[in-house]
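Shown next, in C-alpha cells, is the structure this report addresses.
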Amino acid sequence: MHTGKNIKAMREAKSISRDTLADEVGQTPQFIEQVEEHEYEAPISVLLKVASVLGTDISALIYGKEFQEKSVMVTDKNSRVKVERKRDFDYENLAPYYSGRHMEPFLVDVYPVKADALEYSTHEGEEFHYVMEGALRIIVDGKEHRLNQGDSIYFDSSLPHALSAIGDKAKLLAAIYHSTSMSHVTRSQKMNDLITAARHLGGMKVVIVVPNDTAVEAVNRAIEEQVISEALLVGNSAEIPAEHKSHKDRYQIIDVETGENFEMRCAQKAVELIRAGEGHMMMKGNINTAVFMKAVLNKEKGIGTGRRLSLVSIFELPKLSRLVFLTDPGINPALTGKKDIKTSKDIILNAIDVAKSMGVHHPKVAILDANEVPSERVPSSMIAKELSEMEWDEAEVYGPLSYDLALYEESARHKGITDNPVAGRADILIVPHISGGNFLYKAWAMTMSADVANVVLGAQVPLIITSRSDNDMTKFLTLCASAVYSAHKLT
C-alpha cells in the first residue's frame, strides 16, 4: 500500500511545497520526494507528523479518504488485499480502502481440516457466509452445519465457531460485522489516528508474563483489531486463561513449572525472549510488580537502558486539537528526589520520545507548578527553572508554568505572555509530584471521560502494566501506543 501518492495529492491541493512539508516534519526534501515518487513507505511516526501538517488524519494518507468521510469505494479485482490470518484459509479483503468501516467483506478459500485440528474463534459481532463453490462444514456453538453451493449462514460470532471444506476446497463470500470496533467507540480523532497507525504496522508481538484474564482479554481485542499479530504467554500452561483459545493460532505458550521463585523465573524467561528479539513489548499479568521490574532492570540480564523508568499517559482533551502527554502520574514519587537532576532529565526525555513516536516533531514541554514565577519558597519551581535553562536538542522545555498557562493560548495572552515558546501550546506536561499527576489523570479519565493510553518507558521495549480498573478502551489504546512506539524505535 503506497501512501506517497495520497501525501502528494493532499500536499498539492493545499499548495504546500515539498520543502515546507519536509521542514515541518523534520525531514529533507529528498526524503519527501522518495516517499511521494518512489514508493518508499515512511515510518508511522512520520505519517502522523505529515497528517498533522496537512490538517487531516492518518486514514487519509493510508486509504485516501479521511476517517469521518462517508463515501462510495469501488474495489477492482486487482486491488483486493490478501490477508494472511490462518493456515487453512486464504483471505482477500474486498474493501481494504474504505476507512472507518464497520463490516469486513472477504473472499475466502477454505481447505479441509481434520476434526481434531479445527481452530475455533470468537469475537463480538456477527458473520454471514455464502458458499460460492464446493461444500462447507461449519460448527457454531457445538452444532455442525453442512452448506452446499448457493447455501448461506448468518450467526452470532461471539459463539465459538470453526469451518472446514468438504472435499478439496470451498470458496465463500464472508461478511464480518464488528459491532464494537474500537475505531467506532473512541470519542477522539487523534486516538482514532493512533488506532489506524497501529493497524497499519501489520501487527506486533507481545510477551505476557504470567497471563491473567485482564491481559488475555486485552490482547484478544488487539488481535481482532489487527494490532497484535502474535502473543507469547510465559507461565504455567495449566493456569493460562482459556480465553486465549479463541485465537489460539496467534498464541504461543512458553511453559514454566510452578514452584519456588515461579514469578521470577517467568519474568526472567520473558526478558530473555525480549533480548532475543521475540517480542516488541512486554506485558505484566498476574505477577507482583516489584518482581516484574526486578527482572527488567537486572544489570546483567535485564532490558534496562540506563534511563529511569517512568509512566507517560497520552490523552486527547476537549477543545485541544493535539494529544497531551502527562508524566509521571504513576511510578516516580517526584520529578526529582534529593536534587537528582538526572532522574528529572530521564523522565522528560522519555516523554519526548513518546511524543515524537506519535508524530510530534519538536515537542513543547511544560514543567508544571502553582504559577510561572520561580520562588525559593517552592523548591519544585526552582528545579523547573533549572531544567528549563538546560539545553534540549529535540524539544522546547520551559518551567515553571501553571496548568492554564501551559495548555491554553488565551490564558497566556491574558497574562501578557506572548513570547514564551511553550505557554499555551504545550504537548507534554511534567508534574512535580506523583500526587498532582494522579489527580490530573483521574480527573481527565474519570470526570471528563477522556480516552487514555499508558506507556512505561526506560526499558528496551515499552512495558504494559494494565490495571483491573482500566476500561477496555484504555487497555486497547495502551497496546496501540506501545506498538507505535516500538515501531518508531525500530526505525
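A short reminder: the numbers here are calculations on the coordinates, not readings from a lab. Computed from a predicted structure; not experimentally measured. Neighbour counts run over all protein chains shown; Cβ positions are idealised from the backbone, glycine included.
How much FRET efficiency would the formula 1/(1 + (r/R0)^6) give for residue 442 and residue 168, where r is the Cβ-Cβ distance and R0 is 56 Å, rounded to 0.05?
Taking R0 as 56 Å, the efficiency between residue 442 and residue 168 is 0.45.
In a DSSP loop and with at most 14 other Cβ atoms within 10 Å, the trypsin sites (Lys or Arg not before Pro) in the range 454-491 are 468.
Relative protection proxy for 360-372, 158-170, from highest mean packing down: 360-372, 158-170 (other beta-carbon atoms within 10 angstrom). Residues whose amide H lies under 5 Å from that of residue 57, counting only those 5 or more places away or on a different chain, are 67; hydrogens are built 1.01 Å from N in the peptide plane. With a Förster radius of 22 Å applied to the C-beta separation of residue 16 and residue 390, the computed FRET efficiency comes to 0.05. Taking a point 7 angstrom from the Cα of residue 382 along the C-beta vector, which residues in the range 320-349 have backbone N less than 12 Å away? Of the residues in the range 320-349, 339 have backbone N under 12 Å from the label point off residue 382.
Computed extension length for residue 145-residue 290: 47.1 nm, one decimal, from 0.36 nm per residue of separation with the Cα-Cα distance subtracted. Between residue 413 and residue 117, the simple label model (points 7 Å from Cα in the Cβ direction) yields a spacing of 6.9 nm.
Only bridges whose two residues both fall in the chain count here: according to DSSP, what percent of them are antiparallel, nearest 5? About 65 percent, rounded to the nearest 5. A compact globular protein would have a Cα radius of gyration near 2.2 N^0.38 Å; the ratio found for the range 4-63 is 0.94. Taking a straight line from the alpha carbon of residue 294, these aspartates and glutamates sit under 17 Å away, with near neighbours fewer than eight places off in the same chain left out: 260, 263, 272.
Report the net charge of residues surrounding residue 229, where surrounding means a beta-carbon distance below 9 angstrom and charges are Lys +1, Arg +1, Asp -1, Glu -1. Here the count lands on +1.
Shape of the range 310-458 from its Cα gyration tensor (a ≥ b ≥ c, root eigenvalues): rounded if a/c is under 1.5, otherwise prolate when a/b > b/c, or oblate?
Values: a/c = 1.28, a/b = 1.06, b/c = 1.21.
The shape class here is rounded.
Were the residues from residue 175 through residue 109 laid out at 0.36 nm apart, the gain over their Cα-Cα distance would be 22.4 nm. Give the lysines reachable from residue 319 as a straight Cα distance under 17 Å; neighbours fewer than 8 places away on the same chain don't count. Answer for residue 319, where 17 Å is the Cα cut-off: 190, listed by chain and number.
Using packing as a proxy for protection, rank 225-236, 36-47, 112-123 so that the peptide with the highest average count of other Cβ atoms within 10 Å comes first. Write out the running numbers ahead of the final one.
Details: 225-236: 22.8, 36-47: 17.8, 112-123: 14.1.
My ranking of the peptides, most packed first, is 225-236, 36-47, 112-123.
Taking R0 as 25 Å, what's the FRET efficiency between residue 248 and residue 158 from their Cβ-Cβ distance, rounded to 0.05? Before the final figure, lay out the partial values.
On the way: r = 17 Å, r/R0 = 0.67.
Computed FRET efficiency for residue 248 and residue 158 comes out at 0.90.
Counted by Cβ distance under 13 Å from residue 284, the other residues give a net charge of +1, where Lys and Arg count +1 and Asp and Glu count -1. Of 171/475; 364/442; 245/356; 8/77, which sit over 30 Å apart, Cα to Cα? As for pairs spanning more than 30 Å Cα to Cα, those are 171/475; 245/356.
Once you order the gyration tensor axes a ≥ b ≥ c over the Cα atoms, which shape class does the chain get: rounded for a/c under 1.5, otherwise prolate or oblate by comparing a/b with b/c? Cα axes put the chain in the oblate bin.
Here's the list of aspartates and glutamates a cross-link from residue 415 could span, going by alpha-carbon distance under 15 Å and ignoring same-chain residues fewer than 8 apart: 372, 404.
I want the local charge near residue 12. Using Cβ-Cβ distances under 14 Å, sum +1 for each Lys or Arg and -1 for each Asp or Glu among the other residues.
Numbers: positive: 5, 8, 11, 14, 18; negative: 19, 33, 36, 37.
The answer is +1.
Backbone amide hydrogens, once placed in the peptide plane, bring residue 399 within less than 5 Å of 367, 388, excluding anything fewer than 5 places away on its chain.
Using only helices, what value at 222 nm comes out for the chain when you add -39,500 (n - 2.57) per DSSP H run of length 4 or more and divide by the total residues, to the nearest 500 deg cm²/dmol?
Values: 16 runs with 159 residues, N = 491.
Only helices count here, giving -9500 deg cm²/dmol.
Working note: Karplus 6.51/-1.76/1.60 with θ = phi - 60° gives the range 214-222 the couplings 4, 5, 5, 4, 5, 5, 4, 4, 5 Hz, where Gly and Pro are set to x.
Order by neighbour count: 90, 193, fewest other Cβ atoms within 10 Å first, most last. Intermediate values should be presented prior to the final figure.
Values: 90 18, 193 28.
Fewest to most other Cβ atoms nearby, the residues stand as 90, 193.
With each label modelled as a point 7 angstrom along the Cα→C-beta vector, the residue 449-residue 342 pair spans 4.6 nm.
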